[in-house]
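Step one of this worksheet: look at the structure below.
The values are calculated or read from the model by the stated rules, or taken from the named source; none is laboratory data. Keep in mind it's a predicted model, so treat the numbers as computed, not measured. Cβ sites come from the backbone with ideal geometry, for glycine too, and all protein chains shown count toward neighbours.
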Amino acid sequence: MGLKTFIKKNLYTLKYIKKKNKKIENKNILITGASSGIGLGICKTLVEKNKVLAIFNNNEENLKKINNSNLIFFKCDLSNFDNYSKIEKKIIENDIQIIVNCAGQFGSSNQSIHNIDFENFLQILKINSLSILKILQLMHKNDKIKNVEKIVNISSDGGSVELNNKGNAYVYRTTKSALNSISKNLSIDLKRRFGISVLTIDPGNVKTNMNNKGYLSPNKCAEYLIDILCDNTDHNGTFINLLKKKIPW
């Protein structure tokens, strides 16, 4: 790591002081994208005091290592709607109160205007954007949506239309923009009908499989996400970062 990068990393992480250990207890929590990165960090943090239903597509071993009876994990390819019967079964069996939607992929390296991989584009759209809608549709179908209290969608400032000053990355930017739009829409519909809060969070520069040069650890990110979940402030319908600062849509 060069000196410039070292300084930049330290200046970035200094913003994230140690959080007080706010706790969520005795909840049934559904986490997508749970086998690595932010999703795995959330699982590890919440599993001691809650029942966690973890959806993964790869890296089952990471979840096995948690070794806690409160954790139920199952495989589902979120890009294939025929796979969602597995999720529906768990929805029927459990009254889920919190959903943390961490599933996300960057997509193909072909994301410039001249070489967009449209098949991959559609696949990533299902994972990054439409999967949460499909899950909520299944909950509504089985009269389980009324039990939900909060939904957190992990997005990115890369999906902010206003902040986009670099272009390119059509697949990733578009699918995250779509997730942001869906989140905003859900925050109106679900709050009015069921009292559910829906918030959208940009986790920032977190070290994950998608961003192996990230500065913030998934576990530190999980601390801040839980702090937001425990916050008495109603963040419904907002797009914020880990420090609770609003991001333009």
Which residue is surrounded by the most Cβ atoms within 10 Å (Cβ to Cβ), if the candidates are limited to segment 162-176 and must be under 17 Å from Leu125 (Cα atoms) and in contact (Cβ under 8 Å) with a residue 40 or more places away in the chain? Thr175
Those residues of segment 85-107 which are small (Gly, Ala, Ser) and under 19 Å from the mean Cα position of the chain (by Cα) amount to Ala103, Gly104, Gly107
Search segment 183-211 for residues being crowded, with 19+ Cβ neighbours inside 10 Å and part of a helix (DSSP H, G or I), and hand back the single one that is nearest to the chain's Cα centre (by Cα). Ser183
Can you tell me which residue is farthest from Ala222 (Cα to Cα) among those in segment 49-59 that are out of contact with any Phe, Trp or Tyr (no Cβ under 7 Å at 6 or more places or on another chain) and at pLDDT 95 or above? Asn57
Would you mind finding the one in Leu179, Leu242 that is buried (at least 21 other Cβ atoms within 10 Å of the Cβ), in contact (Cβ under 8 Å) with a residue 40 or more places away in the chain and out of contact with any Phe, Trp or Tyr (no Cβ under 9 Å at 6 or more places or on another chain)? Leu179
With respect to Glu119, is the statement that it is surrounded by fewer than 16 Cβ atoms within 10 Å (Cβ to Cβ), among the acidic types (Asp, Glu) and under 19 Å from the mean Cα position of the chain (by Cα) true? no
Being part of a loop (DSSP other than H, G, I, E, B) and out of contact with any helix residue (DSSP H, G or I) (no Cβ under 8 Å at 6 or more places or on another chain) is the requirement here; does Gly214 meet it? yes
In segment 67-109, residues that are of a type in the set (A, V, I, L, M) and without any contact (Cβ under 8 Å) to a residue 24 or more places away in the chain total 1
Test result for Asn110, farther than 19 Å from Ile196 by Cβ, over 20 Å from the mean Cα position of the chain (by Cα) and at pLDDT below 95: yes
For segment 10-64: of the residues being aromatic (Phe, Trp, Tyr) and either buried (at least 17 other Cβ atoms within 10 Å of the Cβ) or in a loop (DSSP other than H, G, I, E, B) (or both), which is farthest from the chain's Cα centre (by Cα)? Tyr16
Test of understanding: among Lys150, Lys134, Lys176, which residue is over 25 Å from Leu242 (Cβ atoms) and in contact with a helix residue (DSSP H, G or I) (Cβ under 9 Å, 6 or more places away or on another chain)? Lys134
Show the residue pairs that are 6+ apart or on different chains and have beta-carbon atoms under 8 Å apart, the first residue being within segment 1-14 and among the hydrophobic types (A, V, I, L, M, F, W, C), the second being surrounded by 11 or more Cβ atoms within 10 Å (Cβ to Cβ) and modelled with pLDDT under 75. Met1/Lys9
